[in-house]
Amino acid sequence: MRSTDVEAGHALRPAITAVAGAYGHVKSGKLRAIAVSSAQRATALPDVPTFVESGVPDFVVNSWVGILAPAKTPSAIVTRLNAELNAILNDATVREKLRLMGIEATPGSAEQFNSEIKRDLARYGQVVKSASIRIE
């Protein structure tokens, strides 16, 4: 923390959040982004380096949002929902609106998304257990 920050009443409070949640505050100058956790720079914040570029090796963490269906949903319905969602996510207007909110659209298959969920569960499951994190 710089002494000028303290003198001006500005305390530095680091936080990690998704680009989408912070984007408007960064653009307005209320927050200063120092790095993004994705493997590549965010197109919404092209001047903000990644953590890896900033010297933190192997620090790549992505967030995602998806649509889930009950486990016994017929595969034909899952395939149709996935196709419709991909059509929306591939629309240039939708992609641009999402990009302006700091969200990168990543259309794909239900199987790809399932694999990503499983990878994240394997990656973070032990952390959750060792920290005794519980849903309240």
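Let's see how each residue does on (1) of a type outside the set (K, R); (2) within 15 Å of N62 (Cα to Cα):
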{"position": "A92", "(1), (2)": "yes, no"}
{"position": "K97", "(1), (2)": "no, no"}
{"position": "L100", "(1), (2)": "yes, no"}
{"position": "A105", "(1), (2)": "yes, yes"}
{"position": "S109", "(1), (2)": "yes, no"}
{"position": "F113", "(1), (2)": "yes, yes"}
{"position": "I117", "(1), (2)": "yes, yes"}
{"position": "Q126", "(1), (2)": "yes, no"}
{"position": "R134", "(1), (2)": "no, no"}
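T50 falls short of the stated requirement of being over 23 Å from Y124 (Cβ atoms) and not aliphatic (A, V, I, L, M). The residues listed here are T4, T17, T43, T93; of these, the one that is over 18 Å from I117 (Cα atoms) and modelled with pLDDT of 90 or more is T93. Please work out if S63 is more than 17 Å from the chain's Cα centre (by Cα) and either surrounded by 13 or more Cβ atoms within 10 Å (Cβ to Cβ) or free of Cβ contacts under 8 Å to residues at least 60 places away in the same chain (or both). Considered against the rule, which asks whether it is more than 17 Å from the chain's Cα centre (by Cα) and either surrounded by 13 or more Cβ atoms within 10 Å (Cβ to Cβ) or free of Cβ contacts under 8 Å to residues at least 60 places away in the same chain (or both), S63 comes out as no. When residues in the range 66-115 are screened for being touching a residue at least 24 places away in the same chain (Cβ under 8 Å), under 18 Å from the mean Cα position of the chain (by Cα) and farther than 28 Å from D47 by Cβ, 2 of them pass.
The values are calculated or read from the model by the stated rules, or taken from the named source; none is laboratory data. Source: prediction; values computed, not measured. Positions of Cβ are backbone-derived with ideal geometry, glycine not excepted, and every protein chain shown enters the neighbour counts.
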